[in-house]
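Quick notes on the structure that follows.
The values are calculated or read from the model by the stated rules, or taken from the named source; none is laboratory data. Given the structure is predicted, the values throughout are model-derived calculations rather than measurements. In this analysis, Cβ positions are derived from the backbone assuming ideal geometry, glycine residues included, and neighbour counts consider all displayed protein chains.
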Amino acid sequence: MKKPKMRLNFKQSKYLTNLFTVITASTIIIVTLLSLIFYFSAQHYIERALYKSFFDEFKRTEAVLESLTDDVRSHLTYLQQLEGAQMLINSSEITRSEEREALNAISAYRSSNAMIYSVYIYNSHLDRYYVIGSQNSVRNHSFFDSEITDIIKSSQAFDFSQSISRTIPSEEYSKEKNLNVFTYILPENYSLQSREKGYIIINVLAEDILKYIFNSSHDSETSMFFYDNQKDSVISSGDSPDYLRVGRKTAKRTGESGYFIYHGKADGKKYLVMYQMLNAPSWSVVNLTPYSTVSEQIDRFRATTLLILIIMLLLSLMFCMYASKTLYKPISNIFEKIQKITTDYSRRSFSDVSDSIDALRDEMAHLNSFRQKNSYIIKNERLKNFIFNDSEGELPQLNSIKDNTETVALILIKTDDYIEFTEKYSYSDRMLYKYSFINIIEEIIGSFAACDFIDISDESITGIMQITEPLNEETVRGLLKNIQSAISANFGITVSAFVSAALSLPANLSEIYENLYGLSLYRFHYGKECIIFSDSFDENSFRSVPLSPEDIKSLSSEIRMHHYDSSIAQLHMIISDIRSLTYTAAKISVYHLFIEVFTALSSIEKNSNHSLEINYTTLFDRIANKIETLDEIENELVNLLDCAFNAINVRKANKVQLLISSVCDYVAENYSDPNLSTVMIADSIKLSARYLTKIFSENMAVSLPNYITAYRIEKSKELLLNTNLPIKEIVNKIGWINLKYFYTIFKKATGVTPGDFRASGGKSE
């Protein structure tokens, strides 16, 4: 007999309902909380995304500013070498005509460089100021730009390596409109810093610099400006009353970069303000983005989140119904078994059923993984703060440092060919590579001494190594070479290393790092995979004055004269001279070298009306942005000259072959002319007979007169064999005048007389 299916009693039904309610409520709460957390986090993530975009753009802006500063310094150096400028600076006596000629020369140079707004020259002997701008002027004793006068005549020390942000009148006697400028000053003798010498001053419009930097980089809704913390002033391409307020709020905030929300006083709008300190003293670059840009993205995200939440809730309800029935099925089976045992089922209850689900194990594993993953970030921030902010304060929990009395050394590892590295790998891949580099570095150095290394900037890794005994350069060099070999073997990437002197804590680690970074710039001189110790490096052994254009003129002359060997020799000598200069002077000298080489090659192209197939823009971009060492620059310029001179030689060879071919064609067409000669042919192709004779002999291994004679002999042979013309008439047809001499030449060439040659059918002795 078939048993009837068990029906749920009230307690069973209540248990199933409670189970469904608990699961459903828990699921809804979790889904809702996750959605809300996700939604409220959106604003922060969007703000951070905009800040990251701004910071990436700032890196480009900073590079552009450095490049512009180098260009202006190059202009100052070039002006200092001009004969007219030297006369205006140094002469104690100078005529009006000499002044006018010198001012016109400098004015012409200023006009050719749009970035330069005006040029001042101060002569201390005459206490005279020369102004080269829209109009040239000369002022004795008094000068309308009083700030420049104060700087020049002040007894206090002044850092001429830095530009000055300031405001000057737009015209000499006008006070109605002022202009924001960056001013660069170069004393007559920079190394002496003398107040008794003359000066060259260049003013560059801040508006021009801002337009150059920002025109193609930002949309119309975004505003950017510079804020000078010391002068409490704003430098921008437009005017806004809020710029100064925002700048002051930025100055009050701690840290080199960051962002905050600002409510505009002028327009009442809400803005996202992002800022970054520049390398230049007391300057910040500030970006203002309307908060509506952020809120629009948040609104779109709100709608998307709401839709996803509704869908997830519906799916959760369906899942909860299924899960409740699935979880209740074992309980239902228990009740069925109980029913088999007793018929008094209605009096029984199942009130003590427990489920033990071990979900904590997965959560603990997740938390442990999270802790390990973030330990690297925590160590990174601790060591970074210790180096740059608080090296004399509370010690971070690091491997290398135990107390404030330890002796340490800073080590900087710099990635070679970093631009190619960034082009080849994504940001996440680069971070993974650098994390691997740190593991290799800490493993190798850690076998020798306690150490900690961090990812401190885009292209470099920096760390602290504990020194327990006097620093042995050879030992440390061996460790660094092992690091270089390991990174190269595993990743195909080369690195350079730079080591500070041993120092006892507490110390100004931030200053030590800045000096070490300055030392790393000399990779430009020593090449990739270099290892430099600050103890054995003496920057004073390098000259600080760049090579002048006159020092490079000899190379330009050799190139223009197509002297390959001497050009290469001159190039090697100039590069050797550049190696003896400081980094800054070397970069300026390399810039002058590029200009001279490119100008010389362009002149060759212009004079010959033939292209050398050189892409100067691509080449200059590669040399300026991707090449990191003097060795690479030297190789690049040698290859450039090789290609240029090969093209010149090929063109010369083709031209000579064309010339020889035209001469041969002329002889073939005019051999019957008795007047045919070297002079006649030379006149026809507009060359001198002497030059034609030389070229023809060198390339044909026979003189031109002998070639004409041989050609006529061959034509006479054809006429003797193919016609019955008398020999005398044949001689006339081939342009020969002297019959007797023809017989002599013919017999000498063939071994027989013309008659015997015809009779034998062309057979010679």
Among (1) buried (at least 19 other Cβ atoms within 10 Å of the Cβ); (2) farther than 20 Å from D631 by Cα, which single condition is K606 missing?
-> (1)
Please list, ordered by first then second residue, the pairs with beta carbon atoms under 7 Å, 6 or more apart or interchain, first in segment 737-748 and surrounded by 11 or more Cβ atoms within 10 Å (Cβ to Cβ), second at pLDDT below 90 and basic (K, R).
-> L739/K728
Can you tell which of K728, K686, K715, K694 is among the basic types (K, R), more than 30 Å from K655 (Cβ to Cβ) and out of contact with any Lys or Arg (no Cβ under 6 Å at 6 or more places or on another chain)?
-> K728
Output the number of residues of segment 447-457 satisfying the condition of being touching a helix residue (DSSP H, G or I) at 6+ places or on another chain (Cβ under 7 Å) and of a type outside the set (V, I, T).
-> 5
Evaluation of N490 against (1) in a helix (DSSP H, G or I); (2) touching a residue at least 60 places away in the same chain (Cβ under 8 Å) (one fails), failing number = (2)
Look at V667 and say whether it is in a loop (DSSP other than H, G, I, E, B), farther than 28 Å from I604 by Cβ and among the β-branched types (V, I, T).
-> no
S567 surrounded by fewer than 18 Cβ atoms within 10 Å (Cβ to Cβ) and either in contact with a Lys or Arg (Cβ under 9 Å, 6 or more places away or on another chain) or in a helix (DSSP H, G or I) (or both) | no
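May I ask you to verify whether D403 is under 27 Å from I627 (Cβ atoms), charged (D, E, K, R), modelled with pLDDT under 80 and part of a loop (DSSP other than H, G, I, E, B)?
Values: under 27 Å from I627 (Cβ atoms): no; charged (D, E, K, R): yes; modelled with pLDDT under 80: yes; part of a loop (DSSP other than H, G, I, E, B): yes.
Considered against the rule, which asks whether it is under 27 Å from I627 (Cβ atoms), charged (D, E, K, R), modelled with pLDDT under 80 and part of a loop (DSSP other than H, G, I, E, B), D403 comes out as no.
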Scan segment 136-164 residue by residue and report those that are modelled with pLDDT of 80 or more, under 18 Å from K231 (Cα atoms) and touching a helix residue (DSSP H, G or I) at 6+ places or on another chain (Cβ under 9 Å).
-> I164
Taking Y691 as the residue in question, decide whether it is under 58 Å from the mean Cα position of the chain (by Cα), hydroxyl-bearing (S, T, Y), surrounded by fewer than 13 Cβ atoms within 10 Å (Cβ to Cβ) and in a helix (DSSP H, G or I).
-> yes
Scope segment 433-474; condition assigned to a helix (DSSP H, G or I), more than 15 Å from A497 (Cα to Cα) and out of contact with any Asp or Glu (no Cβ under 9 Å at 6 or more places or on another chain); matching residues | Y433, S436, N439, E443, G446
Only residues that are among the hydroxyl-bearing types (S, T, Y) and modelled with pLDDT of 80 or more: list them for segment 257-270, please.
-> Y262
Please go through segment 694-728 and pick out each residue that is more than 18 Å from A759 (Cβ to Cβ) and over 60 Å from the mean Cα position of the chain (by Cα).
-> P705, N706, Y707, I708, T709, A710, Y711, R712, E714, K715
Going through segment 511-532 one residue at a time, which ones are part of a helix (DSSP H, G or I), under 15 Å from L581 (Cβ atoms) and hydroxyl-bearing (S, T, Y)?
-> Y526
What is the one condition in (1) in contact with a Lys or Arg (Cβ under 6 Å, 6 or more places away or on another chain); (2) modelled with pLDDT of 85 or more; (3) among the charged types (D, E, K, R) that K434 does not satisfy?
-> (1)
Of all residues making up segment 581-598, the number that are touching a residue at least 40 places away in the same chain (Cβ under 8 Å) and touching a Ser or Thr at 6+ places or on another chain (Cβ under 7 Å) = 5
For segment 700-765, please list each of the helices (runs of 4 or more DSSP H) lying entirely inside it that holds at least 1 residues being within 15 Å of S672 (Cα to Cα).
-> 704-722, 727-733, 739-750
Among the listed residues R477, R430, which satisfies the condition of being in contact with a strand residue (DSSP E or B) (Cβ under 6 Å, 6 or more places away or on another chain) and in a helix (DSSP H, G or I)?
-> R477
Checklist (1) assigned to a loop (DSSP other than H, G, I, E, B); (2) modelled with pLDDT of 75 or more; (3) among the polar types (S, T, N, Q) applied to T254, failing item = (2)
Checking D535, D551 in turn, the sole residue that is in a helix (DSSP H, G or I) and within 25 Å of V72 (Cβ to Cβ) turns out to be D551
Check on V273, closer than 27 Å to R73 by Cβ, modelled with pLDDT of 75 or more and either assigned to a strand (DSSP E or B) or touching an Asp or Glu at 6+ places or on another chain (Cβ under 6 Å) (or both) = no
Which of the residues belonging to segment 86-103 are surrounded by 11 or more Cβ atoms within 10 Å (Cβ to Cβ), among the polar types (S, T, N, Q) and in contact (Cβ under 8 Å) with a residue 12 or more places away in the chain?
-> N90, S91
